[in-house]
Amino acid sequence: MLLFRAILLLICIYTFRHYYFTFNRLFAKQRHPYVDLESAAWPEITVLIAAHNEEAVVADIMKALLEADYPKDRMSIIPVNDRSTDRTREIIDAFAEQHPSIEPFHRVGGKPGKAAALKDAMTLVKTEVVLIFDADYIPGKALLRQLVAPFFDPEIGAVMGRVVPLNVGKKCLTRLLDLERSGGYQVDQQARMNLHLVPQYGGTVAGVRKSALEAIGGWNENALAEDTDLTYRLLIAGWKTAYENRAECYEEVPERWPVRVRQITRWAKGHNQAMVSYIARTARCPGLGWFERIDGLLLLGVYLMGPVLLLGWVLAVVLFYTGAQIGGGLTVLALGAFTTLGNFAAFFEIAAAARLDGSRQRIRLLPLTLFGFIVSLISVSQAARQQAHESLFGNLFGNHELVWDKTERSRTAPVLDDALSPTAPALRESV
Amino acid sequence: MLPWAPLALTAVTAVMVMVPITPALYELWKRGDASPLPTSRHDARIANFADVLRTRLEPLRAQMERCRAEREVLRTSLAGMEILIVGAENFDFDPQQTQGISTLMFSDAAHIPAGQVVDADVYADGPIDLGEGAALRAAVGNDDIILGKNSTVLRWLHGSGNIYLRPGSSVYGRLSAGQSIRLERGCAFQHMHAPQILTIDSDNTRTLATSGAHVCQARKDSQEDPENAEMGDIFALSRPRLRVEGDFVLPPGETLNANVIATGELHIGRGARLLGSAKSYKDTVIDEDACVHGSIVCGGTVWLGPRTFAAGPVMAESDVLIARGARVGEPDAPTTISSIGANIAAGCQLHGTVWARVRGTIEA
């Protein structure tokens, strides 16, 4: 019974959080403190492109970055080719021959994983500001300046931009993920920015201050989710992460359900790993305000809520059929509130995001996001179960080595012609 | 129980489930909104509107030259725009001629009489002179632009040369110049950009009283002496970071080489120098003759005192108040001032961009 009440309480807290963020985005004052920065002594920057077998997409991002509206003499591009076995190396070298600002980093050995690759590549980085992209992203012309602007704030250690799916119209799944991404960035991330909470560094369309990274010990190559890991290490060390909602960048989202399941399972495992590592330190970190601390803790536990919700459902059924008394008026009130409001909190958030994005028709797909929700619920619960099992019996079966568990790309060839800008209509038609 | 009751219940339930699902399935089938969300298309240049108008009018250049030579007024259309090409001097803005016109294209100088309201975009191949109390929708000129007393521009204004704003004139939206913008007392603006922005008492610049004696010393030092190269660099790796819980005060006359973050107010004393950047969660006060060689980021209001210098950027989540003789940015290092509101005294010298999201004013 105590467990059931604890689960109810947790669900109510997360429900309140969903509504609070959504109402903040719809009705409160919005914070975009760095968006107006047009003229400045722009710093020298290094753009790292994480690439592992990316022959289909790596040319697009290099073309897009070369067209970026950032002083060319202040920008160097380092494609981090991590042990690719396809034509990635050949394509990168061909670009590097034509463009001196591209300085390839070909990694042929070492520990697998994005964090390990970035860690090795940092030896080439001489600039204070480092931007990071995955190879399947297509940055717009003004994006680099938008991502660099927050670093003029001496408190900012990392910056996160907004990810916008490019292959939206391909499948039902891509359309649902488009809605889900809108909710996550347009509402969650921006509300955290508005409320001075904990915007999350997402590992791509992102930037990090080199001195801050060095101060916290560099990339953690043992982290399953180097982005969440970095967010919390920076937070605990007194650095802030800024979210730039208008620094938008196209990405490719999974087009097949198995790919999506693997993606969210990986995210859940990485996030849960970070939760175990940082929950205690976040709870007692002296430099954090109370709201920031609570948000940090809730963000750490977000992937644990899947199994918690499932457990709550099972317990509710058991308690109902065993005729147990579930408690007094408060519990009934909480249950009632949840069934009338809580069930729809995440969907309300997505609807608000679609409205803020000015899209009118795609909101009709909202009921179908229930399927995405159920798939995610099962995937993250499965991930948590596996991790619990590994932590209990890990020594018995041995620890798993990290791998480049990257999301399968659906693009089979570059979509940007030399003359095309990243946002040209022809690009959209091609996808 | 009636034999058809289970069937009816099943049917009603199916209908209730299908009510929200049907529009979703329809959207999946028809794909009415399946394209990617649009992302930023432009490079955020303030003169974009002016550039677009110039480009659109380019095909009419030959006609404009002809009108100039023959001193005539010609009405024409281009891609759905009704355009009046004015080659004659002393154009009188006859309502019959300007009715339905979306763009006025002057082959030379454009003189807009006092009190005249022009609801079309204006392009002038020469200077633009907006009379006292006149109002204009938007304009781009290939020379200097003068806005008369209490005149108004509603959308945007761009001049290739200098722009003069006489007392009480207002430019809503974008204001940009290729060389300089000079604003007199009581002027209002929102978003302006120029290599040099001067706030002046009258139409001369002799009243400028910025302190240039010491403010750029660190920058000069860094340029002249390689050992001090990092002094003038906001992003210098070696600069320490000082985080203060509560208020921070840099005493008068002191010099500090650090990036300072204060969770309360931040106060740079008279004549003090901060060689790094400053951030405060609450207000920031820079006392007279003080200078900040990095950026100023503030959760409240920034007050730049008399004869202060800020290399910039200056970003305030509330207002920016700039006292007489202050200077922000440098001619070879333009920067940005960004805030909700801005109030600038006469006698200030700014370089780059000034954004006042709600309203910026020059002290009356």
Quiz item: Quick check: is even one residue across region A:43-63 within 14 Å of chain B (Cβ to nearest Cβ), touching a residue at least 60 places away in the same chain (Cβ under 8 Å) and more than 30 Å from B:His191 (Cα to Cα)?
Solution: yes
Exercise. Considering only region B:321-355, state which residues are in a loop (DSSP other than H, G, I, E, B), within 14 Å of chain A (Cβ to nearest Cβ) and crowded, with 24+ Cβ neighbours inside 10 Å.
Key: B:Gly329
Practice problem: Would you check if B:Asp33 is within 30 Å of A:Glu67 (Cβ to Cβ), at the interface with chain A (Cβ under 7 Å from one of its Cβ atoms) and of a type in the set (D, E, K, R)? | Solution: yes
Exercise. Pull up region A:266-314, narrow it to residues that are without any contact (Cβ under 8 Å) to a residue 24 or more places away in the chain and of a type in the set (Phe, Trp, Tyr), then point me to the one that is nearest to A:Leu2 (Cα to Cα).
Key: A:Trp313
Exercise. Answer with yes or no whether B:Ile146 is surrounded by 19 or more Cβ atoms within 10 Å (Cβ to Cβ) and in contact with a Phe, Trp or Tyr (Cβ under 9 Å, 6 or more places away or on another chain).
Key: yes
Quiz item: In region A:97-119, what residues are assigned to a helix (DSSP H, G or I) and surrounded by 18 or more Cβ atoms within 10 Å (Cβ to Cβ)?
Solution: A:Lys114, A:Ala115, A:Ala116, A:Ala117, A:Leu118, A:Lys119
Quiz item: Does A:Arg74 count as over 24 Å from A:Thr231 (Cβ atoms), basic (Lys, Arg) and more than 12 Å from chain B (Cβ to nearest Cβ)?
Solution: no
Quiz item: When you look at B:Ile296, is it buried (at least 23 other Cβ atoms within 10 Å of the Cβ) and away from chain A (no Cβ under 12 Å), yes or no?
Solution: no
Practice problem: For region B:152-202, enumerate the residues that are in contact with a helix residue (DSSP H, G or I) (Cβ under 6 Å, 6 or more places away or on another chain) and either within 21 Å of B:Thr335 (Cβ to Cβ) or surrounded by fewer than 19 Cβ atoms within 10 Å (Cβ to Cβ) (or both). | Solution: B:His158
Self-check item: Complete set of residues in region B:299-320 that are part of a loop (DSSP other than H, G, I, E, B) and within 14 Å of chain A (Cβ to nearest Cβ)
Solution: B:Gly299, B:Gly300, B:Thr301, B:Ala311, B:Gly312, B:Pro313, B:Glu317, B:Ser318
Quiz item: Just a yes or no: is a residue in region A:234-250 of a type in the set (Val, Ile, Thr) and either closer than 29 Å to A:Trp290 by Cβ or at pLDDT 95 or above (or both)?
Solution: yes
Quiz item: Are any of the residues in region A:70-78 surrounded by fewer than 18 Cβ atoms within 10 Å (Cβ to Cβ), not in a helix (DSSP H, G or I) and not hydroxyl-bearing (Ser, Thr, Tyr)?
Solution: yes
Quiz item: Among the listed residues A:Val164, A:Val168, A:Val198, which satisfies the condition of being surrounded by 23 or more Cβ atoms within 10 Å (Cβ to Cβ) and more than 8 Å from every other protein chain (Cβ to nearest Cβ)?
Solution: A:Val198
Quiz item: If you check A:Met305 against the conditions, is it of a type in the set (A, V, I, L, M), on the phi < 0 side of the Ramachandran plot and not assigned by TED's automatic domain parsing to the domain that holds A:Val159?
Solution: yes
Practice problem: Scan region A:126-146 for residues that are out of contact with any Cys (no Cβ under 9 Å at 6 or more places or on another chain) and either within 28 Å of B:Leu37 (Cα to Cα) or more than 11 Å from chain B (Cβ to nearest Cβ) (or both) and jot them down. | Solution: A:Val130, A:Leu131, A:Ile132, A:Asp134, A:Ala135, A:Asp136, A:Lys141, A:Ala142, A:Leu144, A:Arg145, A:Gln146
Quiz item: Which ones in region A:120-155 are part of a helix (DSSP H, G or I) and of a type in the set (D, E, K, R)?
Solution: A:Asp120, A:Arg145
Self-check item: Within region A:147-161, considering residues that are touching a Leu at 6+ places or on another chain (Cβ under 7 Å) and among the aliphatic types (A, V, I, L, M), the one nearest to the other protein chains (Cβ to nearest Cβ)
Solution: A:Ala149
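Yes or no, residue by residue, for (1) within 14 Å of chain A (Cβ to nearest Cβ); (2) under 30 Å from A:Glu251 (Cβ atoms); (3) part of a helix (DSSP H, G or I):
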| position | (1), (2), (3) |
| --- | --- |
| B:Val15 | no, no, yes |
| B:Val19 | yes, no, yes |
| B:Glu27 | yes, yes, yes |
| B:Leu37 | yes, yes, no |
| B:Arg45 | yes, yes, no |
| B:Leu60 | no, no, yes |
| B:Glu65 | no, no, yes |
| B:Ile83 | no, no, no |
| B:Ala114 | no, no, no |
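The values are calculated or read from the model by the stated rules, or taken from the named source; none is laboratory data. Please read all numbers here as calculations on a predicted model, not as lab measurements. Using ideal geometry, Cβ is built from the backbone for each residue, glycine included, and neighbour counts are taken over all protein chains shown.
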